[in-house]
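Engineer: Provided herewith is a single structure, encoded as structure tokens, for subsequent inquiry.
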Amino acid sequence: MTLLAIGLNHTTAPVNIRERITFGPDIVVAALRGLTDIQGVHEAVILSTCNRTELYCHADLDAQELTRDWLAGFHGLAVEDIAPYLYVHREREVIKHLLSVSCGLDSLVLGEPQILGQVKSAFQISKDAGRVGKMLTRLFQHAFSTAKQVRTDTAIGDSPVSVAFAAVSLARQIFADLSQQTAMLIGAGETIELAARHLAQNGVGRIIVANRTIARAQELAQQFNAYAISLTEIPAHLAEADIVIASTASPVPILGKGTVESALKKRRHQPIFMVDIAVPRDIEAEVSDLEDIYLYTVDDLDEVIQGNLRSRQEAAEQAGEIIQFQVEEFLAWMRSLDAVGLIQGYRQQAGEIRDQVLNKAVRMLEAGKPPEEALNYLAQTLTNKLLHTPSAQMREASSNGQHELLEAADALFQLGHRKRSKH
């Protein structure tokens with residue numbers, strides 16, 4: 001079996017492809033069941049965010065094509081539709097990739113911390129669904145501890161750089177004084193909460209939080225002295241918004257061209273700055289055709305983000321060194337698994353020999369034999385039986401010229417004989 005990762009991200013696929021290959025929270029458990037029903041796939045975790053969709057599997061060596069075909073088929077696509085955008089990793093590269101993702105080194109925003117929470121959530125969902133075992137559990141826990149070490153030992157997270165931060169930075173470039181502006185935030189997840197925090201820190205005049213679950217919108221609104229509405233109320237309030245930042249898990253757009261057109265008429269065509277961070281998109285692409293609308297997608301933020309990354313480059317190099325070391329640590333653990341069955345078998349064999357000899361010694365005592373005789377029998381017989389097979393194998397190796405086996409035995413039993421015999 002092997003570790004296998006298949007996926008696409010913001011560096012390999014544009015947003016119009018990524019939004020077709022997503023797993024929302026309402027379908028991910030069913031998807032996990034389907035994925036692990038593939039012949040040869042024994043464990044699986046599905047990571048699906050705005051910037052990536054990745055399948056992590058512990059699978060048989062020949063499961064790669066079946067897994068790729070399942071990914072396309074699940075979304076009603078032909079393999080040819082997504083093949084140019086996919087990457088495939090095995091063993092060492094899977095470990096390195098997951099550790100890099102968890103540490104934020106593979107993110108659109110270098111070092112952003114939100115991805116670690118998303119990776120943890122993806123793992124927990126799979127664990128709760130019973131779709132992970134020993135291998136992926138150990139791998140993901142190793143990724144979490146590595147990410148913690150990187151955060152502790154480097155300055156990768158010192159600068160407040162995130163997609164949300166980039167969106168607010170862009171808003172500041174367009175509106176010199178945010179204190180006169182109203183922002184509508186669509187969604188109530190971690191990214192929207194970050195956007196609200198950055199807006200508040202930059203003195204935005206007013207915040208409206210729109211969410212499918214009104215209770216969650218109210219909970220977030222209370223933190224920032226904002227106004228909470230449901231998604232169905234957006235058309236009634238959109239005209240109030242100078243800034244719109246959207247990030248939900250909706251499989252279909254929240255804002256359509258007609259709704260935005262109506263809001264513009266009410267605003268007498270005062271411009272609206274919109275940032276759609278969601279994948280699939282929350283705002284119809286046709287909205288960008290409207291005059292007085294400045295619509296940016298998550299891909300458009302890349303240029304803004306680049307200006308905030310210089311301070312993280314050195315830290316990223318340090319993080320890369322930590323990751324490389326931790327990859328080797330995990331590979332060493334994987335190699336140690338090869339010996340587990342051998343050790344268990346050897347211990348079982350030794351235990352059976354011990355029980356046989358001990359039972360014979362007990363019967364000797366019950367028959368009235370002196371304790372010294374029974375103990376002497378126990379010691380000599382147990383020693384002879386335990387040493388018989390290794391001794392016979394070493395004699396045979398010697399007569400057959402199998403010097404490597406003799407050297408391995410010398411190292412295994414720590415005798416130092418081969419070193420002495422060379423002098």
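Engineer: Cys57 is checked against (1) within 23 Å of Leu331 (Cα to Cα); (2) in a helix (DSSP H, G or I) and fails just one. What number does that condition carry?
Structural biologist: Looking at each condition in turn, Cys57 falls short on (2).
Engineer: Still on this model: Among residues belonging to segment 122-153 that are farther than 14 Å from Tyr56 by Cα and of a type in the set (Gly, Ala, Ser), point out the one that is nearest to the chain's Cα centre (by Cα).
Structural biologist: Among residues in segment 122-153 that are farther than 14 Å from Tyr56 by Cα and of a type in the set (Gly, Ala, Ser), the one nearest to the chain's Cα centre (by Cα) is Ala147.
Residue-wise test of (1) over 22 Å from Arg52 (Cα atoms); (2) in contact with a helix residue (DSSP H, G or I) (Cβ under 9 Å, 6 or more places away or on another chain); (3) among the charged types (D, E, K, R).
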| position | (1), (2), (3) |
| --- | --- |
| His97 | no, no, no |
| Cys103 | no, yes, no |
| Lys127 | no, yes, yes |
| Ala143 | no, yes, no |
| Ser169 | yes, yes, no |
| Phe175 | yes, no, no |
| Gln180 | yes, no, no |
| Ile186 | no, yes, no |
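Engineer: For segment 255-284, which positions are in contact with a Cys (Cβ under 8 Å, 6 or more places away or on another chain) and either of a type in the set (Gly, Ala, Ser) or at pLDDT 95 or above (or both)?
Structural biologist: Ala278
Engineer: Go through segment 74-89 residue by residue and tally those that are loosely packed, with under 13 Cβ neighbours inside 10 Å and out of contact with any helix residue (DSSP H, G or I) (no Cβ under 8 Å at 6 or more places or on another chain).
Structural biologist: Qualifying residue count for the region: 3.
Engineer: If Ser145 satisfies all but one of (1) within 30 Å of Glu43 (Cβ to Cβ); (2) part of a loop (DSSP other than H, G, I, E, B); (3) among the small types (Gly, Ala, Ser), what's the number of the condition it fails?
Structural biologist: Result: Ser145 passes all but (2).
Engineer: Now for a separate question. Restricting attention to segment 75-118, report how many residues are of a type outside the set (A, V, I, L, M) and part of a strand (DSSP E or B).
Structural biologist: 3
Engineer: Sticking with this structure for a sec: Filter segment 168-182 down to the residues that are assigned to a loop (DSSP other than H, G, I, E, B) and of a type in the set (S, T, N, Q) and list them by number.
Structural biologist: Gln181
Engineer: If you go through segment 325-335 one residue at a time, do you hit one that is under 30 Å from Asn384 (Cβ atoms) and either surrounded by 14 or more Cβ atoms within 10 Å (Cβ to Cβ) or under 30 Å from the mean Cα position of the chain (by Cα) (or both)?
Structural biologist: Checking segment 325-335: not a single residue is under 30 Å from Asn384 (Cβ atoms) and either surrounded by 14 or more Cβ atoms within 10 Å (Cβ to Cβ) or under 30 Å from the mean Cα position of the chain (by Cα) (or both).
Engineer: Condition (residue is acidic (Asp, Glu) and touching a helix residue (DSSP H, G or I) at 6+ places or on another chain (Cβ under 9 Å)) applied to segment 270-283: is it met by at least one residue?
Structural biologist: Looking for residues that are acidic (Asp, Glu) and touching a helix residue (DSSP H, G or I) at 6+ places or on another chain (Cβ under 9 Å), one finds at least one in segment 270-283, hence yes.
Engineer: Looking only at segment 223-243, decide whether some residue is under 30 Å from the mean Cα position of the chain (by Cα), buried (at least 20 other Cβ atoms within 10 Å of the Cβ) and closer than 22 Å to Val298 by Cβ.
Structural biologist: Checked segment 223-243: no residue is under 30 Å from the mean Cα position of the chain (by Cα), buried (at least 20 other Cβ atoms within 10 Å of the Cβ) and closer than 22 Å to Val298 by Cβ.
Engineer: Out of Val168, Val132, which single residue is at pLDDT below 95 and either within 30 Å of Ala241 (Cα to Cα) or surrounded by 18 or more Cβ atoms within 10 Å (Cβ to Cβ) (or both)?
Structural biologist: Of Val168, Val132, the one residue that is at pLDDT below 95 and either within 30 Å of Ala241 (Cα to Cα) or surrounded by 18 or more Cβ atoms within 10 Å (Cβ to Cβ) (or both) is Val168.
Engineer: If a residue has to be farther than 14 Å from Ala171 by Cα and buried (at least 22 other Cβ atoms within 10 Å of the Cβ) to count, how many in segment 181-193 make the cut?
Structural biologist: 5
Engineer: Does Leu32 fit the bill of being touching a Leu at 6+ places or on another chain (Cβ under 7 Å) and at pLDDT 95 or above?
Structural biologist: In short, no.
Engineer: Here is a further query. Is it the case that Ile277 is aliphatic (A, V, I, L, M) and out of contact with any Gly (no Cβ under 9 Å at 6 or more places or on another chain)?
Structural biologist: Answer is no for this residue.
Engineer: Count, please, the residues in segment 47-62 that happen to be more than 11 Å from Val132 (Cα to Cα) and either surrounded by fewer than 21 Cβ atoms within 10 Å (Cβ to Cβ) or modelled with pLDDT of 95 or more (or both).
Structural biologist: Residues flagged as more than 11 Å from Val132 (Cα to Cα) and either surrounded by fewer than 21 Cβ atoms within 10 Å (Cβ to Cβ) or modelled with pLDDT of 95 or more (or both) within segment 47-62 amount to 10.
The values are calculated or read from the model by the stated rules, or taken from the named source; none is laboratory data. Predicted model only: the values in this text are computed from it and were never measured. Neighbour counts are summed over all protein chains in view; Cβ atoms, including those assigned to glycine, are modelled from backbone coordinates with ideal geometry.
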